[in-house]
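The values are calculated or read from the model by the stated rules, or taken from the named source; none is laboratory data. Keep in mind that what you see is a predicted model, and the values were worked out from it rather than measured. Neighbour counts run over all protein chains shown; Cβ positions are idealised from the backbone, glycine included. In case anyone asks, the SASA skips ligands and DNA or RNA and just uses the protein heavy atoms, side chains included. Shrake-Rupley method; radii C 1.70, N 1.55, O 1.52, S 1.80 Å.
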Amino acid sequence: MSKMEIRLAGTGGQGLITGTIILAEAGIFENKFVAQSQSYGPEARGGMCKGEVIISDDKIGFTKVTKPTFVMALSQLSFKKYCHDLDEDCFVLVDESIEVPADYNHKKFMKLPILQTAREVVGKMQTVNIVSIGAINKILGFSSAENMEKAVLMHVPKGTEELNLKALAEGAKLVK
């Protein structure tokens, strides 16, 4: 790994901003340079949002994602906005509920049941961001399991630690 530019996009309330903060924290635990940013509409919950994180072996000069190496979309609108015109080496991950046009032929593309896993396997929709992080780290492999768990535990509400560690593990299991 020299530099990863990661963009998570979806709907406000899915915890994607916190997700990028957790990914950044895990990057710090791996002794990487990191930069994290976010944007969302005035609606906050229900509107479109995105969070971005850069994780690099070298110092980061510009702190915004300009050439994503990984994009995840959890809503149809975020897929439409962020999953086109990407470099062929960019990895695209979407929830299985996303309707992907038949002519979408991105080279590195994966659909996973992220939302369904949070709702039905973990049992709480609020864990969708942690399920996502588990899958993302399994795909990208930039953090040890221990450091990712430590980063997650720093950012989840007291009393939900066990639930969120389950969500992290279930997200990793989704990636074959």
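Each Cα pair under 8 Å and six or more residues apart adds its sequence gap; the mean of these over the residue count of the range 1-115 is a relative contact order of 27 percent.
Just round it to a whole percent: the fraction of Cα-Cα distances in the chain exceeding 21 Å.
Looking at the chain, the distances longer than 21 Å represent 43 percent of pairs.
The local environment of Ile55, defined by Cβ-Cβ distances under 12 Å, has a net charge of -4 under the rule Lys, Arg +1 and Asp, Glu -1.
When Rg and the Kirkwood radius Rh are both evaluated on Cα atoms of the range 107-176, their ratio Rg/Rh stands at 0.96.
Taking the average, over residues, of other Cβ atoms within 10 Å as the packing measure, peptides 2-15, 157-170, 73-86 rank 2-15, 73-86, 157-170 from highest down. Using a probe of 1.4 angstrom and keeping all protein chains present, the accessible surface of the chain works out to 50 square angstrom per residue. When the dipole is taken about the Cα centre of the chain, and only Lys, Arg (+1) and Asp, Glu (-1) are charged at their Cβ, what size is it in debye, to the nearest 20? Computed about the Cα centre, the dipole is about 160 debye.
Counting only Cα atoms, the size of the range 15-112 along its three principal axes is 41, 33, 22 Å, in decreasing order. Can you pull the percent of the range 127-173's accessible area that's carbon plus sulfur, 1.4 Å probe, other chains left in place? Carbon plus sulfur share of accessible area: 53 percent.
Where Lys and Arg each count +1 and Asp and Glu each count -1, what net charge lies around Ile139 among other residues with Cβ under 11 Å from its Cβ?
Net charge around Ile139: +3.
GNM on the chain, alpha-carbon springs under 10 angstrom: the most fluctuating residue among Ile114, Ile22, Ile98 is Ile98.
Ordered by solvent-accessible area of protein heavy atoms (1.4 Å probe), largest first, the residues Phe91, Phe70 come out as Phe91, Phe70.
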